[in-house]
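Before any comments, here is the structure.
What follows is calculated from the coordinates using simple rules that are stated; it is not laboratory data. Just so you know, these numbers come straight off a predicted model, no measurement behind them. Backbone-built Cβ (ideal geometry, glycine too); neighbour counts: all protein chains shown.
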Amino acid sequence: MRNVHSGRPFTAAEFSDEQLAAALEDLSVPALLASCVHMSRPEDRAAILAGELRPLGSFLNEYQGFMAPEAQAEARAFALDVIRDWRDRGCPEPEPVAPEMVHQLMSWIVGAEVGDEYVPMMLEELELEGTDVRAVGAVDGAADYPVVIIGAGMSGILAAIRLSEAGFPFVIVEKNAGPGGTWWENTYPGARVDVGGHFYCYSFEPDDHWTEFFPRQPEVQAYFQRTFDRHGLGAHTRFATEVLGAAWDEVAGTWSVELDDGSTLVARAVVAAVGQMNRPFVPDVPGSFDGPAFHTATWDHEVDLTGKRVVMVGAGATGFQVAPAIADQVQTLTVIQRTAQWMFPNPGYHDSVGPGVGWAIRHLPFYGRWFRFLIFWPGCDAGLAAAKVDPTWEHQETSVSEVNDIARAMFSEWITSQLPDDPELVAKVVPDYPATGKRTLQDNGSWLRTLSKENVTLVRAGVDRLEADGVVDSLGEHHPADVVVWATGFRVNDFLLPLRIIGRDGHDLRETWGSAPRAHLGVTVSGFPNLFLLYGPNTNLASGGSIIFASECEVTFLVECLRLLAEGGHTAIEPTQAAYDEWYQRVQAEAQTMVWASPHIAHNYYKNAEGDVHGLNPFRIVDYWGWTRRPDPADYQLS
């Protein structure tokens, strides 16, 4: 049995008792005990699951299963004995765990029943065979179907890796000078992920290197760079080149892809991996400001903020990270926030990863896979319950169901507990709309500590105009500034902006969409053969999971579509109009039952001007995984 990520066998043979004990102090006890099941003799495994040392439950970002410190210490001592015995037996390759025991172990590690429908998906995630089970084998005829991938961000890199495995020739065109997409562009102070790093990574690439549980931008971008290099994608990539558009040639059965350097690429298929967080949004505000002003996605590192008066417009997910990172550097920081944000308690949001974690991922059988599972499961569909609207609930203005009301109470308690002596600030920071209706932010207390600083002011207002020396808010108050920072997000509802995609019969995709972008399963578009969108309409996640997991589902689907083309010698594949329309109606009907579409939320980047939600996936992750295993022949037409 080999560690699929490192290419070497799991082994603790070269480590002393003292080294083992030290490493175990850094670990998640539930994941450690799950690894012990694999290291134990088969006849001893059932006793571990039946013993008193067990996780009591699971919760997002809670890695110790709510076990008391004494129980954790006892579990580590037990695990040390198991590992020492395994070591002294020569670290034999663990015998496979019976499928029914694996399911039992899934439920055991999270302290709750894992439904039968989740088992196949989670088995794929766990990779207990020691291989990348999502790897694509060679596809017959693939060499005759060259592909252009637009974007070398997370999903573009993923698509390139899987297309390479299958044998499809490809070229990546990337507007930036290097890979990473949003993690290349967003270098603002404090930038970090809000999904645990051991899950915010490809299922098939090493996750033993993170130095923080929620790693910062430089480390995340370096991960994508290493993955890009490891798979030799540089030879297939044109950096600092932007795609202007693409047109379908019906006679040739090819796409002509126009680049900003005047050249054209011809391909049998196009993968648009440009993402949703790609084009910064800066509101059209009258007036002008004489000092430096920039969006967080184009942070000007030449501007020294030391001792400056900074006005930051916006305090969503980005502003929430920027403010604590710069507050002690600036003279004053004025945060202009239109609406307050709900915060999810995550005390470990800035915690470092101890060296024992990477060691265990490399040396203990499947520790890393079970730790990934432990991160994934609490955010796998559980959040949908709080987002679902109960039409009989009487308090729709502030909550949309009993579960949502409980979430509101928990979030409110977390906020108010940090500000016991500041009722004025409490009134500004506790939202008045249903919980989870906007992107819920990860909080370890740093946000409210920042707002409590003497040099920081929170203004609950919009922006009326700019003046030479500052910003005037919508209440008419002038805020002097040396620097203005726009933390105002992205044009998430303008999919594929500014690309001009011309499909069959000369139809322009953006004109065809209008204000209602759509794609079957978020990936394919009727009338636009052999065009595949990644992170397309209704694929973003707001209730749990990881966008990388969603992208792996989408890439699996697009490769299976290309397999149908190549193995059948076909020219084109696209969804039938009936399947395309039915999907859109179904996804929109479901989206309207979620809190994100609530009319009681005035400002929300999830909704477009008509109040429709075209970015988010309202369905269960397990269902989307199942739907994207392969195209349903009834939904697709080949020619």
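Stokes-Einstein diffusion of the range 484-587 at 4 °C, 1.567 mPa s viscosity, Kirkwood radius from Cα pairs, rounded to a whole number: 86 µm²/s.
The lysines whose alpha-carbon is closer than 28 Å to the alpha-carbon of Lys453, local same-chain residues fewer than 8 away aside, are Lys308, Lys428, Lys438. Nearest-5 percent of antiparallel DSSP beta bridges in the chain? Taking every DSSP beta bridge within the chain, about 45 percent pair in antiparallel fashion. Simple rule: put +1 on each Lys or Arg Cβ and -1 on each Asp or Glu Cβ in the chain, find the dipole, and look at Ile601, Gln341, Gly262; the Cα lying farthest toward the positive end is Gly262. Projecting the Cα atoms of Ile172, Leu105, Leu305 onto the dipole axis of the chain, where Lys and Arg carry +1 and Asp and Glu carry -1 at the beta carbon, places Ile172 farthest toward the positive end. The charge dipole of the range 252-370, taken about its Cα centre with unit charges on the Cβ of Lys, Arg, Asp and Glu (plus for the first two, minus for the last two), comes to roughly 580 debye. Cross-link reach is defined here as a Cα-Cα straight distance under 13 Å, omitting same-chain residues fewer than 8 places apart; for Lys388 the aspartates and glutamates meeting it are Glu402, Asp405, Glu590. Averaging the Cα positions of each part gives two centres, and for the range 164-184 and the range 409-424 these lie 45 Å apart.
Summed over qualifying helices (DSSP H, 4 residues or more, each -39500 (n - 2.57)) and divided by its residue number, the chain shows a 222 nm mean residue ellipticity of -10000 deg cm²/dmol.
Protection proxy ranking of 612-618, 85-91, by the mean of other Cβ atoms within 10 Å over each peptide's residues and highest first, is 612-618, 85-91. Packing-based ranking of 359-366, 546-553 yields 359-366, 546-553, ordered from highest to lowest mean Cβ neighbour count within 10 Å. As a ratio to 2.2 N^0.38 Å, the alpha-carbon radius of gyration computed for the range 325-466 takes the value 1.31.
For the range 580-639, take the alpha-carbon Rg, divide it by the Kirkwood Rh, and send me Rg/Rh.
On the way: Rg = 14.1 Å, Rh = 13.2 Å.
Over the Cα atoms of the range 580-639, Rg/Rh equals 1.07.
Dipole magnitude for the chain: computed about the Cα centre from +1 point charges on Lys and Arg Cβ and -1 point charges on Asp and Glu Cβ, it is near 540 debye. The range 564-616 and the range 41-102 have Cα centres separated by 43 Å. Between the listed residues Gly275, Val251, Ala550, the Cα displaced farthest toward the positive end of the dipole of the chain, a dipole computed from Cβ unit charges relative to the Cα centre, is found at Val251.
Just to be sure I follow: if Rg is taken over the C-alpha atoms of the range 512-639 and Rh is the Kirkwood radius over the same atoms, what is Rg/Rh?
Working: Rg = 14.9 Å, Rh = 15.1 Å.
Over the Cα atoms of the range 512-639, Rg/Rh equals 0.99.
Per the Debye formula on identical point scatterers at the alpha carbon atoms of the range 70-223, with no solvent, log10 I(q)/I(0) at q = 0.10, 0.15, 0.16 Å⁻¹ is -0.59, -1.09, -1.16. Each residue of the range 151-223 gets 85 Å³ once the volume of the Cα convex hull is shared out per residue.
In order along the range 48-53, the phi-based Karplus estimate (6.51 cos²θ - 1.76 cosθ + 1.60, θ = phi - 60°) of 3J(HN,Hα) comes to 5, 6, 8, x, 7, 7 Hz; Gly and Pro are listed as x. Rg of the Cα atoms in the range 244-295, relative to 2.2 N^0.38 Å, amounts to 1.84.
Taking other Cβ within 10 Å of each residue's Cβ, how do Met312, Met106, Met410 sort, fewest first?
Working: Met312 26, Met106 22, Met410 13.
Ranked by crowding around the Cβ, least crowded first: Met410, Met106, Met312.
From the C-alpha coordinates alone, can you work out the Kirkwood hydrodynamic radius of the chain, in Å?
This gives a value of 26.2 Å.
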